[in-house]
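As structure tokens, the structure follows; a few thoughts come after it.
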Amino acid sequence: SWTLPLAILVMLLLLVVAIGLIRHGALTLVELLLGLGGAFLTLLLSILVGLGLTFVISTVAGSPSPWYAYPLATRVAVWAGALLAGGLMGALLARRAGAWGLALGAWLLWAALALLLSLSIAGVAILLLLPALVAGLLFAAVAFTPLSKKLWAREAAFILASLAGAAIWLPLALAFETAVNFDLSPAITFALGLVSSSLAPLWALPGDRTRVRRWLLIGAGAIVVVAAVSATLLPPYSTSDPQQANLFHFEDVDREEVYWMASSEQGPLPEALQARLGPEPVPIFPWIDQPVHVAAAQSTASPPPGLEVVSVNDAGGRRTIEALLRSPRGGDWIGLHVPAGTLLSLGVEGYDLPVDRDQAWHGYYTLDCHGRACDGLPVRLGFETTDPVEMLIIDRSSGLPAGGESWIEA
């Protein structure tokens, strides 16, 4: 409940500091607005640089997640890219916005974001509010005391405020990397961009030190290039972080077809698996048109799943079927695919499930049941026709049958 009042207080505190500096001639309104705009552009540029770097690394490496096993190189490239974005923006505006303009502009952006979030997501707002409060108190302590004449005091306030923001948001950037990887880099670079914006006033170096700033920018750019190139050369997978792949033994009882199949959402299959599959993809799944690479397999002779009809009721051109889902082999999961075009209702153990034909998947409305208790599950199906309806029933169990050992080894 304190979040919104504190957010308003921090915003007012920073504005009071800005007004005080303007009255004493240490800041102008134009410099403040330039600093605010520069902070926003730093945040935006950091996100765009991160998107660009991850796109280039992924494209050159030829892998959807080339940083999967070795993320350090990509992390260095993205973090240095955010620093470079802030450095370029700070250097560009240093002369026109000044150190105070860049500092107050950055922290006013933090405070504004905290104020907006405090109206909706207070738990997130505090992550911005706390560093902004530290910055406001430090800036006030410098601006309204004799410390205002001490250059070291101003620089110390800038650095301590940045450290307060970095202490919260840099660990969050690492946490976002763990949660979403670089596939959703804006989650990471938003955090980095915030910290980079708070460093902007430190780039406003005196005229005799612009050479230092130039070499710092060149160094950051070189790190981005070297790290990005390294990321494209590193192998995407390792023994400790291997590529995730799925192995299937698929048996179509109606067609009398049995296959081995392997798939991965992390790029092409390893060569050891790919070499065991046929060169041409085959559309083996009746409920999906997508073809897959397969290899011939032997039947397990296991009884197939089924739908045990208990009763059929025809009335008014419509048909209602009471039935039991069956998995004689004790599958871990049963899927019932019903053509959506004629389905009116679907009930399970007396509970009516909502049927929305717009939610059909490849023309089928699907009921999934997980667990061994699915064998014998009562279902009720209502159709707007009395004509025969062809349904698909699939059951699945974990592990592979005999013959799968060599596939697992591969």
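The values are calculated or read from the model by the stated rules, or taken from the named source; none is laboratory data. This structure is a prediction, so every number in the text was calculated from the model and none was measured. In this analysis, Cβ positions are derived from the backbone assuming ideal geometry, glycine residues included, and neighbour counts consider all displayed protein chains. Please note that ligands, DNA and RNA were not included when accessible areas were found on the heavy atoms of the full protein model with its side chains. Shrake-Rupley method; radii C 1.70, N 1.55, O 1.52, S 1.80 Å.
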Specify the angular offset, from 0 to 90 degrees and rounded to the nearest 10, of the alpha carbon long axis of helix 3-23 from the longest principal axis of the alpha carbons in the chain. 30
So which residue, out of ALA340, ALA157, ALA191, gets the largest mean-square fluctuation from a GNM of the chain using Cα contacts under 10 Å as springs? ALA340
So, relative contact order of the chain in percent, Cα under 8 Å, 6 or more apart, is 16
Treating the angle as unsigned and between 0 and 90°, give the value, to the nearest 10°, between the Cα long axis of helix 151-180 and the longest Cα principal axis of the chain. 0
Residue-averaged 222 nm ellipticity for the chain, from DSSP H runs of 4+ at -39500 (n - 2.57), nearest 500: -17000 deg cm²/dmol
Identify the residues of segment 378-410 with backbone N under 20 Å of a label point that sits 7 angstrom from the Cα of LEU307 along the Cα-to-Cβ direction, or state none. 378-396
Over segment 103-159, what is the mean sequence separation of C-alpha contacts under 8 Å (at least six apart), divided by residue count, expressed as relative contact order in percent? 27
Here are some values of semi-axes √(5λ) of the Cα gyration tensor in Å: [x] 61, 29, 16; [y] 48, 24, 18; [z] 34, 25, 21. Which one was computed from this structure? [x]
Around GLY90, with a cut-off of 12 angstrom between Cβ atoms, what is the net charge of the other residues, counting Lys and Arg +1 and Asp and Glu -1? +3
Counting only protein heavy atoms with a 1.4 Å probe and every protein chain in place, the carbon and sulfur fraction of the accessible surface of the chain in whole percent equals 63
Difference of contour (0.36 nm per residue) and Cα-Cα distance, THR210 to TRP2: 70.5 nm
Among PHE176, PHE158, PHE285, determine the one that fluctuates most according to a GNM of the chain built with springs between C-alpha atoms less than 10 Å apart. PHE285
Report the relative contact order of segment 86-192, percent, no decimals, based on alpha-carbon pairs under 8 angstrom and at least 6 residues apart. 17
Count the net charge of all other residues whose Cβ sits under 15 Å from the Cβ of TYR364, scoring Lys and Arg as +1 and Asp and Glu as -1. -4
In the Gaussian network model of the chain, springs joining C-alpha atoms below 10 Å, which of GLY86, GLY335, GLY165 carries the largest mean-square fluctuation? GLY335
With a probe of 1.4 Å, find how much accessible area the chain has per residue, and write the answer as a whole number in Å². 52
